[in-house]
Amino acid sequence: MSTKVLDIQDVTVSFDGFKAINHLNFSMDEGELRVIIGPNGAGKTTFLDVITGKTKPTEGAAYFKGQDLRKFKEHEISRLGIGRKFQTPRVYLNLTPRENLDLSCNRDKNVFATLFKKAPPAEKRTVSGLLETIGLDHKADIPAALLSHGEKQWLEIGMLVAQSPDLLLVDEPVAGLTDEETEQTGNLLMSLAESHSIVVIEHDMEFVRQIARQVTVLHQGSVLCEGTMDEVQNDPKVIEVYLGKETTLTPEQMLLLRIAATMAWADDNFADVQQEVILDRLSRRFAHNPDEQASLRDDLKDLLAKEIPLEELVPQLTTPAQREEALMLSYEVISANQINQSEAVVYQKLLTMLNLPPDTVSRLEAAAREALAASN
Ligand code: ADP
Ligand code: MG
């Protein structure tokens with residue numbers, strides 16, 4: 001039996017009686033990349049605070065590779081091999097990326113021996129190897145102040161890795177990054193996962209889908225559910241927590257949202273106008289006053305996951321009414337701007353899978369065109 005890299009046993013953290021963490025049980029294996037999601041206030045940051053020793057559990061215990069973390073102070077835990085990346089980058093702006101990394105390496109003398117525990121051959125055990133890993137070799141010698149927000153994030157991740165932790169804790173690494181930077185951050189974390197155990201906390205669902213193997217959902221300080229991204233996103237408990245108690249979005253309605261999003265992604269260009277159509281239609285259909293609609297819009301926006309194969313989605317539509325709804329919404333979405341080849345192909349595929357009578361299809365398409373014209 002291998003020792004867990006992290007084992008959290010029935011931990012509670014109370015702040016003046018309020019339980020930010022409530023009988024939490026969690027464990028992960030060495031080498032795992034685990035993503036933790038959960039609404040604001042779920043206890044995600046407090047969870048990291050418990051691991052790094054910033055906050056001590058009121059009850060329960062946390063173990064890192066079998067060692068009881070309650071026995072160590074914060075700086076000792078960091079030396080045990082747990083590195084944490086905070087949301088705001090903490091790099092020296094007047095130094096270059098190379099100098100920043102040099103400093104981090106020198107904090108730990110035997111770093112070159114242990115830089116990459118199971119180093120893939122491509123990664124050299126040097127600062128220049130690290131610069132390459134984080135994609136900053138071409139900007140190694142300019143002041144860090146000139147880096148973009150995303151590049152600063154990567155530099156900080158590199159500085160963390162330079163201290164050769166076994167476990168990396170990363171809190172919301174893509175907040176405020178461009179789409180391209182977000183994707184590159186995902187690639188970086190996945191490549192680091194080859195030689196580290198990593199916990200990532202993140203809100204950006206598309207990013208989570210890119211990197212996640214196992215996802216843990218926290219809610220009110222406890223684990224609500226765990227599984228693959230698809231399992232988690234289709235779990236009614238998760239949907240309820242994300243969409244709040246007042247809305248009554250069902251798994252079926254969720255499915256409609258996903259199909260529409262998949263249509264919109266067909267050409268790899270989820271246009272703003274397509275997003276508007278989806279959010280507009282669904283929020284007006286499922287919520288009944290302007291306030292509710294506005295908050296539903298916000299929630300739905302977070303859930304526009306990228307391109308789930310139609311083969312997974314369409315079979316989950318159980319009634320003809322749901323299939324008709326899916327067709328109409330999809331048609332509106334792809335017609336919201338000029339229909340192009342790839343959208344047409346995916347739409348044809350959807351039609352085949354929905355298998356609705358041709359005159360029903362024509363009627364729904366006409367109704368969708370009318371609805372679009374009315375909203376323009
Ligand atoms: P998340 O990161 O998931 O948004 P947090 O772990 O930051 O959630 O917070 C969980 C809950 O605990 C929140 O309701 C927050 O207000 C509360 N909380 C966090 N830290 C403290 C603290 N030091 N004192 C009192 N309440 C706190
Ligand atoms: Mg937080």
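The values are calculated or read from the model by the stated rules, or taken from the named source; none is laboratory data. Only a predicted model underlies this, so the values are computations on that prediction, with no experimental measurement involved. Reconstructed Cβ throughout: ideal geometry from the backbone, glycine too, with neighbour counts over all protein chains shown. Quick note on the areas: whole protein, heavy atoms, side chains included, nothing else; ligands and nucleic acids left out. Shrake-Rupley method; radii C 1.70, N 1.55, O 1.52, S 1.80 Å.
Only one of the numbered conditions (1) under 29 Å from the mean Cα position of the chain (by Cα); (2) more than 23 Å from M254 (Cβ to Cβ) is violated by S330, and that is (2).
Of the residues making up region 50-79, those that are within 16 Å of ligand 1 (Cβ to nearest atom) and closer than 19 Å to D166 by Cβ are V50, I51, T52, G53, K54, A62, E74. Counting the residues of region 1-51 that are in contact with a Phe, Trp or Tyr (Cβ under 6 Å, 6 or more places away or on another chain) and hydroxyl-bearing (S, T, Y) gives 0. On the stretch given as region 28-49, residues that are more than 10 Å from I201 (Cα to Cα), within 13 Å of ligand 1 (Cβ to nearest atom) and among the charged types (D, E, K, R) total 1. Filter region 1-18 for residues that are surrounded by fewer than 20 Cβ atoms within 10 Å (Cβ to Cβ) and within 16 Å of ligand 2 (Cβ to nearest atom) and give the result. Listed by number, the residues that qualify are F15, F18. If you go through region 190-221 and keep only what is open to solvent by less than 30 Å² (accessible area, probe 1.4 Å) and of a type in the set (G, A, S), you end up with A193, S195, S197, A212, G221. Has region 99-112 got at least one residue that is within 16 Å of ligand 1 (Cβ to nearest atom) and among the acidic types (D, E)? No, that holds for no residue.
Taking the residues in region 42-79 that are surrounded by 14 or more Cβ atoms within 10 Å (Cβ to Cβ) and at positive phi as candidates, determine which candidate is farthest from ligand 2 (Cβ to nearest atom). My answer is K65. When P173 is tested against (1) open to solvent by less than 10 Å² (accessible area, probe 1.4 Å); (2) part of a strand (DSSP E or B), exactly one condition is not met: (2). D141 passes every criterion in (1) buried (at least 19 other Cβ atoms within 10 Å of the Cβ); (2) out of contact with any Asp or Glu (no Cβ under 8 Å at 6 or more places or on another chain); (3) at pLDDT 95 or above apart from (1).
Residue count for region 336-355, restricted to those that are open to solvent by less than 70 Å² (accessible area, probe 1.4 Å) and over 19 Å from R258 (Cβ atoms): 3.
What pairs can you find where one residue is in region 15-40 and within 18 Å of K54 (Cα to Cα) and free of Cβ contacts under 8 Å to residues at least 24 places away in the same chain, the other is away from ligand 2 (no atom under 16 Å from the Cβ) and open to solvent by less than 60 Å² (accessible area, probe 1.4 Å), and their Cβ atoms are less than 6 Å apart, with a gap of 6+ or different chains? No pair meets every condition.
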